[in-house]
Amino acid sequence: KQEVTQIPAALSVPEGENLVLNCSFTDSAIYNLQWFRQDPGKGLTSLLLIQSSQREQTSGRLNASLDKSSGRSTLYIAASQPGDSATYLCAPLFGNEKLTFGTGTRLTIIP
Amino acid sequence: EAGVVQSPRYKIIEKKQPVAFWCNPISGHNTLYWYLQNLGQGPELLIRYENEEAVDDSQLPKDRFSAERLKGVDSTLKIQPAELGDSAVYLCASSLGTVGGNEQFFGPGTRLTVL
């Protein structure tokens with residue numbers, strides 16, 4: 001069974017700090033991996049998409065890395081802001097073309 | 001560019017009643033997905049359409065759930081009859097296609113409460 005694990009489940013950091021969210025998956029045969037954020041009561045917002053041939057992808061203060069062979073991805077957030085508070089979900093697209101989600105990391109940035 | 005549109009945003013019904021959700025994908029997106037999200041969990045795929053064809057409905061509980069995508073654009077997901085355990089958020093997403101894996105874009109979801 002293809003599983004996705006996100007650690008930690010929750011994280012609180014002071015504003016301005018850099019932080020790393022972790023994602024691991026059991027099947028290295030993926031097409032790509034997406035990182036999403038979800039605000040309470042809202043849908044998912046796509047942050048970054050990394051293709052299986054890429055090692056990393058950057059958008060503004062966000063940087064996502066992918067190590068397909070070890071089944072890991074990280075999302076790095078630089079200079080965190082209160083507006084970054086949300087739940088962050090990673091989702092690899094496995095070979096069966098199913099986007100499989102982790103349970104997310106709930107991030108709180110303390111002003 | 002308009003995003004994925006879903007309606008209604010909220011729905012409260014009594015058990016055994018029918019309910020329907022509607023989704024309008026991003027213009028030009030051939031692939032449409034319906035996901036179910038329970039509280040504190042990540043979304044789980046219910047069904048995937050390539051144009052009008054349902055190419056993956058293995059996770060759709062077909063005894064009470066049905067879906068259609070007429071003309072390959074808008075889609076409707078129906079539950080009949082609804083059960084208490086169906087209370088969840090139903091998310092619609094779309095992408096240009098699945099070949100090579102394309103970015104999926106999600107709508108705001110419909111929050112269903114079954115009493």
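The values are calculated or read from the model by the stated rules, or taken from the named source; none is laboratory data. No experiment lies behind these values; they were computed from the predicted model shown. For neighbour counting, all protein chains shown are included, and Cβ atoms are generated from backbone atoms with ideal geometry for every residue, glycine included. The accessibility values were calculated without ligands, DNA or RNA, using every heavy atom of the protein model including side chains. Shrake-Rupley method; radii C 1.70, N 1.55, O 1.52, S 1.80 Å.
When the alpha carbon gyration tensor of region A:21-84 is reduced to an equivalent ellipsoid, its three semi-axes come out at 22, 14, 10 angstrom, largest first.
Could you give the size of the charge dipole of chain B about its Cα centre, using +1 on the Cβ of each K and R and -1 on the Cβ of each D and E, expressed in debye and rounded to the nearest 20? Mind dumping the intermediate values first?
On the way: 11 positive and 14 negative charges, 91 e Å.
Result for chain B is approximately 440 debye, rounded to the nearest 20.
For the protein assembly as shown, a crude dipole built from +1 on the beta carbon of Lys and Arg and -1 on the beta carbon of Asp and Glu, taken about the Cα centre, is about 360 debye to the nearest 20.
To the nearest 10, the accessible area of B:T110 is 0 Å² with a 1.4 Å probe. Computed over protein heavy atoms with a 1.4 Å probe, the accessible surface of region B:24-115 works out to 44 Å² per residue. Multiplying the residue separation of A:T103 and A:A9 by 0.36 nm and subtracting their alpha-carbon distance yields 33.1 nm.
Kindly identify residues of region A:66-111 having a loss of at least 40 Å² in accessible area between the isolated chain and the assembly of all protein chains, probe radius 1.4 Å. The answer is A:E97, A:K98, A:L99, A:F101, A:T103 - residues whose exposure falls by at least 40 Å² when every protein chain is included. Here the accessible area of the protein assembly as shown is 49 percent carbon and sulfur, with a 1.4 angstrom probe and all protein chains present. Tell me, how many Å apart are the Cα centres for region A:8-26 and for region A:59-111? After rounding, the separation between the Cα centres reads 8 Å. Placing +1 on the Cβ of every Lys and Arg and -1 on the Cβ of every Asp and Glu, with nothing else charged, gives chain A a dipole about its Cα centre of roughly 160 debye. Relative to the isolated chain, which residues of region B:29-62 have their accessible area cut by 50 Å² or more in the presence of all protein chains (1.4 Å probe, heavy atoms, no ligands or nucleic acids)? Those are B:P43, which lose 50 Å² or more relative to the chain on its own. Remark: for residue pairs B:K16/B:K62; A:K1/A:K42; B:K11/B:K78, the C-alpha separation exceeds 24 Å in A:K1/A:K42. Identify the residues of region B:1-35 with backbone N under 14 Å of a label point that sits 7 angstrom from the Cα of B:S66 along the Cα-to-Cβ direction, or state none. Only B:18-21 fall inside the zone, counting backbone N under 14 Å.
Extension gain, B:A2 to B:N38, is 10.3 nm, computed as 0.36 nm per intervening residue step minus the present C-alpha separation. Accessible area per residue for region A:51-110, computed on protein heavy atoms with a 1.4 Å probe, is 43 Å². Largest first, the extents of the alpha carbon coordinates of chain B on the three principal axes equal 40, 27, 25 Å. Convex hull of alpha carbon positions in region B:47-115: directionally averaged projected area 5.1 nm². Phi angles of region A:106-111 translate, via the Karplus equation with coefficients 6.51, -1.76, 1.60 and θ = phi - 60°, into HN-Hα couplings of 8, 9, 10, 9, 8, x Hz per residue; Gly and Pro are given as x.
Chains B and A together bury some 1600 Å² of accessible area, summed over both sides, with a 1.4 Å probe.
Can you pull the percent of Cα pairs in chain A with separation above 26 Å? Intermediate results must be reported in sequence, preceding the final value.
Details: 808 of 6105 pairs.
So the pairs more than 26 Å apart make up 13 percent of the total in chain A.
Among B:V89, B:N102, B:Y35, whose Cα sits farthest toward the positive end of the charge dipole of chain B (+1 at Cβ of Lys/Arg, -1 at Cβ of Asp/Glu, about the Cα centre)? The residue sitting farthest along the positive end of the dipole is B:V89. Based on C-alpha pairs under 8 angstrom that are at least 6 apart in sequence, region A:1-65 has a relative contact order of 22 percent.
Among the aspartates and glutamates, select those whose C-alpha is under 17 Å from the C-alpha of A:K98, and discard any that sit fewer than 8 residues away in the same chain. Within the straight-line limit of under 17 Å, A:K98 reaches these aspartates and glutamates: A:E3, A:D27, B:E44, B:E50, B:E53, B:D56, B:D57, B:E103.
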